[in-house]
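Student: Sharing a structure here in structure tokens format.
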Amino acid sequence: PMQRVVVFNKTREVYVGARNSIYHFDSDLRLKDKVSTGPKLDNINCLHPSYPCEEHQKKPTDDDTRILDVIHHPDLPLLLSCGTLYQGLCQVRPLLDMASNHFSWVKPYNETVGFTAGRESTVAFLTNGYGGNPSLFSAVTYDDRPLEYTPDSVSSKVLVTRDGGFAWEYSHSSDVTFTGVNFDNNFKPNYKVEYFTGFAYEDFAYFLTTQRISIESENYETR
């Protein structure tokens with residue numbers, strides 16, 4: 001199934017994220033390139049393959065594209081894609097050279113700030129954030145993975161270069177705060193928020209959700 005679509009405005013070329021694949025079309029919707037993102041060996045209890053996980057059996061697992069967007073890097077435009085493998089890690093690849101299938105995983109592989117996509121609803125968009133820096137605003141529904149590998153419910157983070165690769169950092173963080181919102185782990189399994197869309201307006205980011213009115217209520221509302 002086709003899952004995410006983004007257009008590079010400069011060339012009007014189209015990029016489509018699907019299960020296990022990303023497609024690149026020209027402005028007339030003629031297929032130019034296709035790259036494979038899955039299936040890969042994975043387990044919901046495991047991290048990126050660079051971390052040992054012998055105690056859990058891995059099996060071929062589909063990669064569903066949950067986030068697809070263009071990063072207007074000053075030197076080279078990049079395609080950001082985040083799928084459901086390896087606790088929702090992201091990849092970046094040269095936007096105009098998909099055929100090479102050269103990509104980099106976005107670190108860290110073992111920290112919450114690196115876990116970006118989920119198997120349930122995931123909404124994300126790029127806009128200026130804290131300090132005017134281009135930031136990824138994302139919201140993720142808890143998907144029953146181990147709680148220590150759960151993405152923040154809502155967060156804002158920036159893509160930085162580090163050690164010859166790419167990494168996520170919170171747009172702002174200190175010893176007591178960070179640019180994000182998280183539900184208490186005690187409530188995540190039974191109080192799930194479904195995200196439908198998100199957008200920025202003036203100095204704020206907004207997400208449209210459906211969720212129970214309260215932890216005790218069985219009635220739902222849209223916020």
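Student: Are there any pairs with C-beta distances below 7 angstrom linking a residue in the range 51-75 that is modelled with pLDDT of 95 or more to a residue that is part of a loop (DSSP other than H, G, I, E, B) and of a type in the set (A, V, I, L, M), with the two at least 6 apart or on different chains, and if so which?
Tutor: Pairs found: Cys53/Leu47; Thr61/Leu85; Asp63/Leu85; Arg66/Ala117; Ile67/Ala117; Val70/Leu95.
Student: Yes or no: Arg66 closer than 17 Å to Phe125 by Cα and in contact with a Cys (Cβ under 7 Å, 6 or more places away or on another chain)?
Tutor: yes
Student: Scan the range 143-195 for residues that are touching a residue at least 60 places away in the same chain (Cβ under 8 Å), among the small types (Gly, Ala, Ser) and touching a helix residue (DSSP H, G or I) at 6+ places or on another chain (Cβ under 6 Å) and report the count.
Tutor: 0
Student: Listed residues Gly131, Gly38, Gly118; which is in contact (Cβ under 8 Å) with a residue 40 or more places away in the chain and within 22 Å of Ser153 (Cβ to Cβ)?
Tutor: After ruling out the rest, the residue left standing is Gly118.
Student: Here's something else I'd like to know. Answer yes if at least one residue in the range 75-87 is surrounded by fewer than 22 Cβ atoms within 10 Å (Cβ to Cβ) and hydroxyl-bearing (Ser, Thr, Tyr), and no otherwise. Walk me through how you get there before you give the answer.
Tutor: Within the range 75-87, the subset surrounded by fewer than 22 Cβ atoms within 10 Å (Cβ to Cβ) is 75-78.
Within this subset, residues satisfying the condition of being hydroxyl-bearing (Ser, Thr, Tyr) are none.
Among the residues of the range 75-87, not one is surrounded by fewer than 22 Cβ atoms within 10 Å (Cβ to Cβ) and hydroxyl-bearing (Ser, Thr, Tyr), which makes the answer no.
Student: Name the single residue that is nearest to Lys188 (Cα to Cα) among those in the range 107-159 being among the aromatic types (Phe, Trp, Tyr) and at pLDDT 95 or above.
Tutor: Of everything passing the filter in the range 107-159, Tyr142 is nearest to Lys188 (Cα to Cα).
Student: Additional query: Please find, among Val35, Val70, Val14, Val5, the residue that is surrounded by 17 or more Cβ atoms within 10 Å (Cβ to Cβ), β-branched (Val, Ile, Thr) and over 24 Å from Pro108 (Cα atoms). Walk me through how you get there before you give the answer.
Tutor: On the way: Val35 fails: over 24 Å from Pro108 (Cα atoms); Val70 fails: over 24 Å from Pro108 (Cα atoms); Val5 fails: surrounded by 17 or more Cβ atoms within 10 Å (Cβ to Cβ).
It is Val14.
Student: Right, here's the next one. Taking the criterion of being closer than 22 Å to Tyr142 by Cα, under 18 Å from the mean Cα position of the chain (by Cα) and crowded, with 17+ Cβ neighbours inside 10 Å, would at least one residue in the range 21-32 satisfy it?
Tutor: No: zero hits.
Student: With the requirement that a residue be of a type in the set (Phe, Trp, Tyr) and either farther than 22 Å from His24 by Cα or not in a loop (DSSP other than H, G, I, E, B) (or both), what does the range 93-109 give you?
Tutor: Trp105, Tyr109
Student: Something else: What pairs come up if the first residue lies in the range 8-21 and is farther than 11 Å from Leu96 by Cα and touching a residue at least 40 places away in the same chain (Cβ under 8 Å), the second is small (Gly, Ala, Ser) and in a strand (DSSP E or B), and their beta carbons are under 7 Å apart, counting only those six or more places apart or on different chains?
Tutor: These pairs meet every condition: Gly17/Ser81; Asn20/Ser36.
The values are calculated or read from the model by the stated rules, or taken from the named source; none is laboratory data. Note that this is a predicted model, so its numbers are computed, not measured. Glycine also receives a Cβ, built like all others from the backbone with ideal geometry; neighbour counts cover every protein chain displayed.
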